[in-house]
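Encoded as structure tokens, the structure appears first; notes follow it.
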Amino acid sequence: MMALLETRDLRKSFGNNHVCRGIDLEVEAGQMVCLIGASGSGKSTLLKCLNLLEPIDDGVILLDGQDISIPGLDPQPVRQRIGMVFQSFNLFPHMTARENVLLAPRRVFGKSRAELGPSVDALFERFGLADRMAHYPDQLSGGQQQRVAIIRALAMDPEIMLFDEITSALDPELVGEVLDVLRQLRETGMTMILATHEMGFARELADKVCFLDAGVIHEEGAPEELLTHPQKDRTRAFLSRIL
Amino acid sequence: MITRRQAYEARIRRRATLVAGGSTLAVFLAIVLLVPFAPGWPAVKKSFFNADVFAETFPGLLNAFLLDVAIFAWSAPLIFLLGLLVALARDVRAPAAYPLKLFAILYTDIFRGVPVILVIYLVGFGIPGLGLPRPWNSPYIWGTVALVLTYAAYVAEVFRTGIEGIHQSQRAAAASLGLSGADTMRFVILPQAIRKVVPANMNLFIALQKDVALLSFIGPVEIFRQAGVYKSLLANFTPYVGAALIFLAITIPATRYADYLLSKQMKART
């Protein structure tokens, strides 16, 4: 079976800082892949590269077998197919939650608010935020804001969702509600790639866990194996530090 | 029931108010009592603070001030628009649009570097000097153009800092949703940037309200020129004081309001 998203020898540096040093990643349709590793190991940069927010230096990114990393390629159509949620939510503060969600489908697909209304309202309903649609971001809790950000990405009907440490900026008591959304999403069969520090969550739901270290995937495997019986010293050291 | 702390703070506040009031009163009394002892005071009082002249000219000044208000009212939106366009032109990245960017940079550099009065003279006398037919030789038109050109350069810089001040993560979020660069600017960056620089722009528009008086040098009989007419007529400077008071009646509340908006914004950010 061909991978839905694949990178081969992906390299990315910022000046002399070589963040990704040849990453080979394969994600099949419907899979949930968790990227773990210390801060600065390249998880976030990898996700930004996958969404073409950062151009890569070398290597290729294949989406459904097509090279999307050709320099000069128009990134917009690709970004519509790959949704992304950020650690710091990045909602548009001057719009209500509902307008935040409506903006991209309206402008990119040229649909009216009326056409989009039912499906968008259904998304809010599904993730328990129906009564928060008219609120502005600063009137919402961190957990609610992050759920709105997820809805905003989902409204573009992406094939893949990227999550960049989306619970790291939340108070501990708010992490659960966001993870619940991910659980729900998992049930729908959404292909997901997460950079995360939530090892319990990764163990519970991931199909594959990749341990990033020094800009490469140092070790990967099924969550149970990798998290309980890591084969390599560095993986073991990292896990013993955070568990 | 008030706490010990509240009682203490109230006591301190009362004392501070008393001291501030007392010292203000002392300074004020000193001025009122001492200035009349200056040798030229009777003459100054007669030619600058003449109640009869004031009463006689004030309605006429107010009337002339309406012209200032009108010029301000039609200049301000044009300045806002041109300033915004210039700021956007400075932000373009397409190579084909480079001349536009270059022009915008030159424009802001030149018009921020030349005194307003010079621009008013050069545009206000120079362009009608081309022998344009009526009404295209009107000093109202070219005076307005001079003000718009000058102030739009400042407003453009304010907008530009506003645009640059919006965090990169907002652009990233918009891009990740597949929004185009133009849509990102229009729906995500600009609405936030414009709001952010409202206080800074208000200060510029307050300055504009005052500089409208400079148009009197090329013809329009607005308040400053009207005061000059009264001065010649009555051989008395009181009309200038009247004009100053009228300006202050507008600019002080406007300045206070701008400060209030700014402090509110600072509070919201922390």
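The values are calculated or read from the model by the stated rules, or taken from the named source; none is laboratory data. Not measured: the values here are computed from a predicted model. Using ideal geometry, Cβ is built from the backbone for each residue, glycine included, and neighbour counts are taken over all protein chains shown.
Points worth noting:
- Residue ID - farthest from the chain's Cα centre (by Cα), chosen from residues in the stretch B:222-234 that are touching a residue at least 24 places away in the same chain (Cβ under 8 Å) and closer than 22 Å to B:Asn50 by Cβ: B:Leu234
- Residue pairs whose Cβ atoms lie under 7 Å apart, sitting 6 or more positions apart in sequence or on different chains, and linking a residue in the stretch A:76-94 that is more than 7 Å from every other protein chain (Cβ to nearest Cβ) and without any contact (Cβ under 8 Å) to a residue 40 or more places away in the chain to a partner that is surrounded by 18 or more Cβ atoms within 10 Å (Cβ to Cβ) and assigned to a loop (DSSP other than H, G, I, E, B), are A:Val78/A:Leu52; A:Val78/A:Ile68.
- Meets criteria (within 12 Å of chain B (Cβ to nearest Cβ) and either more than 20 Å from B:Ile189 (Cα to Cα) or among the hydroxyl-bearing types (Ser, Thr, Tyr) (or both)) for A:Leu140: no
- Qualifying residue in the stretch B:243-265 (condition: more than 14 Å from chain A (Cβ to nearest Cβ) and surrounded by 21 or more Cβ atoms within 10 Å (Cβ to Cβ)): yes
Quick grid of which residues meet (1) modelled with pLDDT of 90 or more; (2) more than 23 Å from B:Tyr260 (Cβ to Cβ):
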site: B:Gln192; (1), (2): yes, no
site: B:Pro199; (1), (2): no, no
site: B:Ala207; (1), (2): yes, no
site: B:Ser216; (1), (2): no, yes
site: B:Gly228; (1), (2): yes, yes
site: B:Lys231; (1), (2): yes, yes
site: B:Gly242; (1), (2): yes, yes
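- Residue count for the stretch B:180-192, restricted to those that are facing chain A (nearest Cβ under 7 Å) and either in contact with a Cys (Cβ under 6 Å, 6 or more places away or on another chain) or within 16 Å of A:Met95 (Cα to Cα) (or both): 5
- Tallying residues that are free of Cβ contacts under 8 Å to residues at least 60 places away in the same chain and either over 30 Å from B:Ser216 (Cα atoms) or not in a helix (DSSP H, G or I) (or both) within the stretch B:128-161 yields 9.
- For the stretch B:184-202, the tally of residues that are under 11 Å from B:Gly162 (Cβ atoms), among the hydrophobic types (A, V, I, L, M, F, W, C), within 18 Å of the chain's Cα centre (by Cα) and not in a loop (DSSP other than H, G, I, E, B) stands at 3.
- Selection within the stretch A:180-195 - in contact with a helix residue (DSSP H, G or I) (Cβ under 6 Å, 6 or more places away or on another chain) and surrounded by 20 or more Cβ atoms within 10 Å (Cβ to Cβ): A:Val181, A:Ala195
- Positions within the stretch B:162-179 being more than 9 Å from chain A (Cβ to nearest Cβ), part of a helix (DSSP H, G or I) and of a type outside the set (Asp, Glu), in sequence order: B:Gly162, B:Ile163, B:Gly165, B:Gln168, B:Arg171
- Selection count, the stretch B:92-121, where residues are farther than 20 Å from B:Gly181 by Cα and not in a helix (DSSP H, G or I): 2
- Test: A:Ala104 is surrounded by 20 or more Cβ atoms within 10 Å (Cβ to Cβ), in contact with a Lys or Arg (Cβ under 9 Å, 6 or more places away or on another chain), small (Gly, Ala, Ser) and within 11 Å of chain B (Cβ to nearest Cβ): yes
- Of the residues making up the stretch A:26-59, those that are in a loop (DSSP other than H, G, I, E, B), over 13 Å from the mean Cα position of the chain (by Cα) and either basic (Lys, Arg) or away from chain B (no Cβ under 14 Å) (or both) are A:Glu28, A:Ala29, A:Gly30, A:Gly37, A:Ala38, A:Ser39, A:Gly40, A:Ser41, A:Gly42, A:Ile56, A:Asp57.
- Residue within the stretch A:113-130 that is within 11 Å of chain B (Cβ to nearest Cβ) and not in a strand (DSSP E or B) present: no
- Just one residue in the set B:Ser216, B:Ser232 is more than 30 Å from A:Asp164 (Cα to Cα) and crowded, with 18+ Cβ neighbours inside 10 Å; that residue is B:Ser216.
- Filtering A:Val78, A:Val85 for residues that are surrounded by 17 or more Cβ atoms within 10 Å (Cβ to Cβ) and in contact with a strand residue (DSSP E or B) (Cβ under 6 Å, 6 or more places away or on another chain) leaves a single hit, A:Val85.
Results for (1) over 31 Å from the mean Cα position of the chain (by Cα); (2) surrounded by fewer than 16 Cβ atoms within 10 Å (Cβ to Cβ); (3) under 22 Å from B:Glu222 (Cβ atoms), shown as yes or no for each residue.
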site	(1), (2), (3)
B:Gly143	no, no, yes
B:Leu147	no, no, yes
B:Thr150	no, no, yes
B:Ala153	no, no, no
B:Glu157	no, no, no
B:His167	no, yes, no
B:Ala173	yes, no, no
B:Ser176	yes, no, no
